[in-house]
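Reading through the structure tokens given below for one structure.
The values are calculated or read from the model by the stated rules, or taken from the named source; none is laboratory data. Note that the structure is predicted; figures quoted are calculated from it, not measured. Note: ideal-geometry Cβ built from the backbone for every residue, glycine included; neighbour counts use all protein chains shown. Side chains included, ligands, DNA and RNA excluded: accessible areas come from the protein's heavy atoms. Shrake-Rupley method; radii C 1.70, N 1.55, O 1.52, S 1.80 Å.
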Amino acid sequence: MNYILADGDTRNSLLPFTFTRPVAEIRVGILTIAEKWEKHLGVEISYWTEDYLVQRFPLVTAADNVVINAAYLPNSTLKAKIGTLKNKQALVFGDDIIAYRTNDVGEHFTVGAYDSIAYEDECMTIKNTWDIFSKNDEALRADFELLTQGRKSQPISETNTIIGDAIFLEEGAQVEASILNTTTGPIYIGRNALIMEGCIIRGGLALCDNSVLKMGAKIYGASTFGPYSKVGGEVNNAVLFAYSNKGHEGFLGNSVLGEWCNLGADTNTSNMKNNYAKVRLWDYRTEGFAHTGLQFCGLMMGDHSKAGINTMFNTGTVVGVSANIFGSGFPRNFIPSYSWGGASGFTTYRTPKAFETAKAMMDRKGVGFDTTEQNILEHVFELTKRWRKD
């Protein structure tokens, strides 16, 4: 059986993160959505996404395919239901198509051409940017159980203070002289990850492979720091996808950062309005501000964006891809991709300069800035012209 994770309509509500990746490559909990499905299914998956992303995230088709809506996170019940689908059958949840089985991926899908099977059990979905942090606790607990079931953690040093027992260290993980409280959620420490001395952690926490918590960091759950990330200061309920840095003092709360982001020293995000009102976020679909229904919501920052020292972000700020923000004062709460500036105004961050910065950061992490990455980012530059003054 060939499994494909499709973006569907959800992609547009998950911008800016899906400018540079399929929906299935969003990280929530410990794993990306694609990694979750691969763990549950025991096979590799491919992606049905935007044409300009295919070179990095290819689509693989076969004579017999199951196409799954990537906004749906797997569980054992959902996996079993999908496994019972026959050709020309679709699993539906309300008005949503969760999955369908087909011999021809290229054909136009119409509900009437498929036998619909209702799915009535619980399932988790990621359909809005704020779902990534607001549902991170539930996703992290599910991933922790999935990854650790039947396995034994590496021993943890006696220099640490441990409260509770839901902690798991992968091979090469290092933790010394820190306080780890798992009574509020599990703590997962990935391969070769490092927690430096003096960190104070209240789970849940996913510190993924090769990531670092710097000395004295104060972490509240549920937070996820993707592979090769570096984090310091105070963080509450935030998700960093991979290769991103918040290495210094400053507060980051109820927020999501894509890959290759960097927050300068003493950068702070507001995660609650002064009048305690519910937060609205920029919506790329409507080109207006959407109601999140949340009182706590901080920063949504797309891939390759950077903030200089002492940057201050308003509650509910959305930053696009490859933006560079600096200077005093609060910049506006929607910063388009390839913006250069701050509270005093923005100009266009031209691609040669943006790519120079991206290459420098990627070189530091030992990852090449290749033609595929450049082509994706150039396409995003053209896609996002409408929201900035070029």
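A few remarks follow.
- Neighbours of residue 189 by Cβ distance under 10 Å: Lys/Arg scored +1, Asp/Glu scored -1, total -1.
- Overall form of the range 279-327 per C-alpha gyration tensor (a/c, 1.5; a/b vs b/c): oblate
- Relative contact order for the range 243-385, counting Cα pairs under 8 Å that sit 6 or more residues apart, in percent: 18 percent
- In the range 321-390, taking the dipole from charged Cβ atoms about the Cα centre, the farthest positive-side position among 336, 374, 358 is held by 336.
- 3J(HN,Hα) from dihedral phi, the range 273-290, Karplus parametrisation 6.51/-1.76/1.60, rounded to Hz, x for glycine, proline: 6, 4, 9, 6, 6, 5, 8, 10, 10, 4, 10, 5, 5, 9, 6, x, 9, 8
- Most mobile listed residue (223, 153, 244) in the chain, GNM with C-alpha springs under 10 Å: 153
- For the range 33-180, the gyration tensor built on C-alpha atoms gives a prolate shape. Its axis ratio a/c (a ≥ b ≥ c) is at least 1.5, and a/b is the larger of a/b and b/c.
- Dipole magnitude of the range 141-264, debye to nearest 20 (Cβ charges: Lys/Arg +1, Asp/Glu -1, about Cα centre): 160 debye
- Among the chymotrypsin sites (Phe, Trp or Tyr not before Pro) in the range 244-313, those located in a DSSP loop and surrounded by at most 15 other Cβ atoms within 10 Å of their own Cβ are 276.
- The range 183-261-the range 107-178 distance, computed between alpha-carbon centres (Å): 15 Å
- Dipole check for the chain: with +1 at the C-beta of Lys and Arg, -1 at the C-beta of Asp and Glu, and the Cα centre as origin, the magnitude is about 920 Debye.
- Scanning the chain for GluC sites (Glu not before Pro) lying in DSSP loops with no more than 14 further Cβ atoms inside 10 Å, the longest uninterrupted stretch between such sites is 288-390.
- Under the Karplus curve 6.51 cos²θ - 1.76 cosθ + 1.60, θ = phi - 60°, whole-Hz ³J(HN,Hα) for the range 220-230, x wherever Gly or Pro sits: 10, x, 8, 10, 10, 10, x, x, 6, 8, 9
- Restraint check, 230/365; 246/389; 36/135; 39/359; 127/389, Cα-Cα greater than 21 Å: 246/389; 39/359; 127/389
- Of 36, 273, 246, the residue with the greatest mean-square motion in the GNM of the chain, using alpha carbon springs below 10 Å, is 273.
- The chain: antiparallel DSSP beta bridges as a percent of all, rounded to 5: 20 percent
- Counting protein heavy atoms only, the chain has 48 percent of its accessible area on carbon and sulfur, 1.4 angstrom probe.
- Overall form of the range 1-49 per C-alpha gyration tensor (a/c, 1.5; a/b vs b/c): oblate
- Calculated mean residue ellipticity at 222 nm for the chain: -4500 deg cm²/dmol, from DSSP H runs with n ≥ 4 weighted as -39500 (n - 2.57), summed, divided by the residue count and rounded to 500.
- Check: the range 33-190 dipole with +1 on Lys, Arg Cβ and -1 on Asp, Glu Cβ, in debye: 260 debye
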